[in-house]
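Student: Structure provided below as structure tokens; questions to follow.
The numbers here are math on the coordinates, done by the rules we state, and not lab data. Nothing here was measured: the structure is a model prediction, and the numbers come from that model. Please note: Cβ atoms are built from the backbone with ideal geometry, for glycine as well, and neighbour counts cover all protein chains shown.
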Amino acid sequence: MELTSVKSTFDVTAIRKDFPVLSEMPYGKPLVYFDNAATSQKPQVVIDALVNYYSHYNANVHRGVHFLSQKASDAFDAVREKVRSFINAATEREIIFVRGTTEGVNLVAATYGRKNIQQGDTILVSAMEHHSNIVPWQMLCEEKGARLNVIPMNEKGELVLDSLEDLLNDNCKFVAVTHTANSLGTINPIKEIIAKAHSKNIPVLVDGAQAVAHDEVDVQDLDCDFFVFSAHKMLGPTGIGAVYGKLSLLEEMPPYHGGGEMIKSVSFKGTTWNEVPYKFEAGTPNIADVIAMGAAIDYWYSFDRAAAHQQEIDLLNYCTSKLADIPSVRIIGTAKNKAAVISFVIDKANAMDVGMFLDTKGIAVRTGQHCAEPVMDWFGIPGTIRASFMFYNTLEEVDYFIEQLKKAIQLLAV
Amino acid sequence: MRTIAEIENEIIDDFALFDTWEEKYQYIIEIGQKLKPLAAEFKTDDNKIKGCQSSVWLTASENNGIIEFSADSDSVFVKGEIALLMEVLSNQTPDAIVNAELGFIDQIGLRSHMAQTRANGLAAMIKQMKLYAVGFQHKNV
Ligand SMILES: Cc1ncc(COP(=O)(O)O)c(C=O)c1O
């Protein structure tokens, strides 16, 4: 396979111009940003949306009769529909704004979970979850006297579904699985898992933090009950994300936080809750970031997503083959179906040392456990070096990365 | 015996030769690679300071009121950091170690290059060295 000759119709040079950070020069060297799984960079339109809101129509939403408040409310409300359409939810009432994936999982655990999980029940997660899709369930289990079960994985970092039938037994009351694993890059057969769980009437939450940035997501097609994600991994701002929940479930769930906006009427005798989704959104929302998240979604529709996706696949394949040529490199996570994330270790070299070396060359990678300590324990390693790509990365950047990595190995793996 | 402040000043002068983070990194790696490995018998869990991305083993011995540290790490960079700390704090009295302010870390521009967890790792090493010194202080009264 002659990968260097891969030419896509995707104009990466043009698209890079949309991302101001990509022309930064850390330590005087061109930035090579390969830490996209941690957070993506932001196109100018997203940055402008933030600045515009604060410069021209900053006001609280749903509270003022005045011009600014109405303008802010309109812009804010429009984003719920954009998010709905982005993941193809049935109605925008199924979209709840939260701070991100972490808060989203916590919301579902604290509302659906608290109401429905009982002593002796089990909650099923997978062996490759991010801590944010483990700890909230552990806390719920602790509170309720329930137990956490784990779908195992194999040495490639693929889930082993042989035992799924057994794990989905009568005690199992909830499944929470990641669509795409941030530490390994594995894309899980989430639709199959959902179908199997549903055949036993068990609801499923999908951690979509990585998936939304790389694949087109259709929550109705997946038929998941909850889907949570963060805007900052999909070109949007930090501090905002969403929970999708099936309306019938959301209607039955108790509220999350108490406060303004989430109530219909308050008296000292008692309070009645507002409708879904407002019932779950107490207090002044993160107006600016919601609006900027809307700008990020608009941006996703402004280019050829299929070609952008192909660019990521090219980056993944090219870099994987280059790494395979370096004898001391071992890739961790070799699933058949992978997103553009490559985790690896180097014989005799500490991951952090390598990451710091690359940093001195202007290359940003992540090192360590990637908030997935159980994954590292499974592989018996303290951590990995992780290069994660976005469509705005180039094959030339991969070449430079490989060249510098070889120097790091020469210096450090002695 | 050179004082801690004198040694700190020498290190600050050494680092003044480097303009870039790249040069400082290479220098610290070089120092780290020169650090004598710790004998396996000292690499115990008791001597281990567990950090997020690397582990450090640190032990201390005392002779005539003078403390000597030995250490190792699975990260060469961290070994370099420890070597610098040991250059400053080894062969000093417990009192001098306990009172050391270690301003050189900021002055050579190391702290700014450390993410929170790594700066914590450095702080943990310093704390452990000072705890050893406190232990020997009490032993000598
Ligand atoms: C798979 C996965 N789940 C959850 C999270 C947590 O997302 P956030 O920190 O935005 O809440 C991340 C981000 O690191 C992730 O990659």
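Student: For A:VAL65 paired with A:ASN171, estimate the spin-label separation in nm (one decimal), with each label point 7 Å from Cα along the Cα-to-Cβ line.
Tutor: The two pseudo-label positions are separated by 6.0 nm.
Student: What does the C-alpha gyration tensor say about the overall shape of the stretch A:304-412? Classify as rounded when a/c is under 1.5, otherwise prolate if a/b is larger than b/c, or oblate.
Tutor: Because a/c hits 1.5 or more and a/b fails to exceed b/c, the stretch A:304-412 counts as oblate.
Student: Could you pull out every one of the lysines with an alpha carbon less than 27 Å from that of A:LYS196, ignoring same-chain neighbours closer than 8 positions?
Tutor: By straight Cα distance, A:LYS196 reaches A:LYS115, A:LYS144, A:LYS156, A:LYS173, A:LYS246, A:LYS336, A:LYS338.
Student: Output the pairs from A:LYS322/A:LYS406; A:LYS348/B:LYS79; A:LYS29/A:LYS233; A:LYS406/B:LYS50; B:LYS36/B:LYS139 with a Cα-Cα distance over 20 Å in this structure; if there are none, say none.
Tutor: Going by Cα-Cα distance, A:LYS29/A:LYS233; A:LYS406/B:LYS50; B:LYS36/B:LYS139 fall outside the 20 Å limit.
Student: Ranked highest first by the average count of other Cβ atoms within 10 Å around their residues, in what order do A:313-319, A:50-56 fall?
Tutor: A:313-319, A:50-56
Student: Let me ask something else. Please find, in a Gaussian network model of chain A (springs between Cα atoms separated by less than 10 Å), the residue of A:ASP74, A:ASP162, A:ASP353 whose mean-square fluctuation is greatest.
Tutor: Checking each option, the largest mean-square fluctuation is seen for A:ASP162.
Student: Defining a contact as two alpha carbons under 8 Å apart and six or more residues distant in sequence, what relative contact order in percent does chain A show?
Tutor: Answer for chain A is 22 percent.
Student: Can you return the lysines within cross-link range of A:LYS264? Criterion is Cα-Cα under 21 Å, with same-chain partners fewer than 8 residues away left out.
Tutor: Within the straight-line limit of under 21 Å, A:LYS264 reaches these lysines: A:LYS279.
Student: I've got another one for you. Would you mind classifying the stretch A:49-300 by shape? Square roots of the alpha carbon gyration tensor eigenvalues, ordered a ≥ b ≥ c; an a/c under 1.5 is rounded, otherwise it is prolate if a/b is larger than b/c and oblate if not.
Tutor: It comes out oblate by the Cα gyration axes.
Student: Evaluate the distance, in nm, between pseudo-label points positioned 7 Å from the Cα of B:LYS36 and of A:SER248 along their respective Cα→Cβ axes.
Tutor: The answer from the label model is 7.4 nm.
Student: Classify the stretch A:69-111 as rounded, prolate or oblate, taking a ≥ b ≥ c as the square roots of the eigenvalues of its Cα gyration tensor: rounded when a/c is under 1.5, otherwise prolate if a/b is larger than b/c and oblate if not. Each step should come with its number before you reach the end.
Tutor: Working: a/c = 2.58, a/b = 1.53, b/c = 1.69.
Note, shape of the stretch A:69-111 comes out oblate.
Student: Ok, one more. Determine, from the Cβ-Cβ distance of B:THR3 and A:LYS336 and an R0 of 41 Å, the FRET efficiency 1/(1 + (r/R0)^6), rounded to the nearest 0.05. Spell out each step's value before the answer.
Tutor: Numbers: r = 63 Å, r/R0 = 1.53.
Computed FRET efficiency for B:THR3 and A:LYS336 comes out at 0.05.
Student: For A:LYS407 paired with B:GLN137, estimate the spin-label separation in nm (one decimal), with each label point 7 Å from Cα along the Cα-to-Cβ line.
Tutor: 4.6
Student: What relative contact order, as a whole-number percentage, does the stretch B:1-91 give when Cα pairs under 8 Å and 6 or more residues apart are counted?
Tutor: Relative contact order of the stretch B:1-91: 30 percent.
Student: So if R0 is 45 Å, what FRET efficiency would B:ASP19 and A:GLN44 give, r being the distance between their Cβ atoms, rounded to the nearest 0.05?
Tutor: 0.85
Student: Calculate for the protein assembly as shown the 222 nm mean residue ellipticity that helices alone would give, adding -39,500 (n - 2.57) per DSSP H run of length 4 or more and normalising by residue count, nearest 500 deg cm²/dmol.
Tutor: Working: 20 runs with 225 residues, N = 555.
Helix contribution divided over all residues of the protein assembly as shown: -12500 deg cm²/dmol.
Student: Test of understanding: ordering B:GLU68, B:GLU81 by Cβ neighbours within 10 Å, fewest first, what list do you get?
Tutor: The fewest-first ordering by Cβ neighbours comes to B:GLU68, B:GLU81.
Student: Here's something else I'd like to know. If you add up the charges near A:TYR57, with Lys and Arg at +1 and Asp and Glu at -1, over every other residue whose beta carbon is less than 13 angstrom from its beta carbon, what do you get?
Tutor: 0
Student: Moving to a separate point now. Kindly put A:ARG330, A:ARG63 in sequence by how many other C-beta atoms sit within 10 Å of each C-beta, fewest to most.
Tutor: By the 10 Å Cβ count, ascending: A:ARG63, A:ARG330.
Student: Go ahead and set up a Gaussian network model of chain B, Cα springs under 10 Å, then flag whichever of B:SER61, B:SER112, B:SER73 fluctuates most.
Tutor: B:SER112
Student: Under the 0.36 nm per residue contour assumption, what length would be gained going from the current alpha-carbon distance of A:GLU192 and A:HIS56 to full extension?
Tutor: 44.2 nm
Student: Here's something else I'd like to know. For peptide A:406-414, what's the mean number of Cβ atoms from other chains within 10 Å of each residue's Cβ?
Tutor: Going residue by residue through A:406-414 and averaging, the value is 2.
Student: Using Cα springs under 10 Å in a Gaussian network model of chain A, which residue among A:VAL354, A:VAL65, A:VAL79 shows the largest mean-square fluctuation?
Tutor: A:VAL65
Student: Taking every residue in B:20-30, how many Cβ atoms of other protein chains lie within 10 Å of its Cβ, on average?
Tutor: Average per residue, whole number: 3.
Student: Could you grab the relative contact order for the stretch A:290-383? Cα pairs under 8 Å, six or more apart, rounded to a whole percent. Mind dumping the intermediate values first?
Tutor: Values: 55 pairs, mean separation 15.1, N = 94.
Rounded, it is 16 percent for the stretch A:290-383.
Student: Evaluate peptide B:70-76: per residue, the Cβ atoms of other protein chains within 10 Å of its Cβ; return the mean as an integer.
Tutor: Taking all residues of B:70-76 together, the mean is 4.
Student: Can you sort A:LYS336, A:LYS322, A:LYS406 so the residue with the fewest Cβ neighbours within 10 Å comes first?
Tutor: A:LYS336, A:LYS406, A:LYS322
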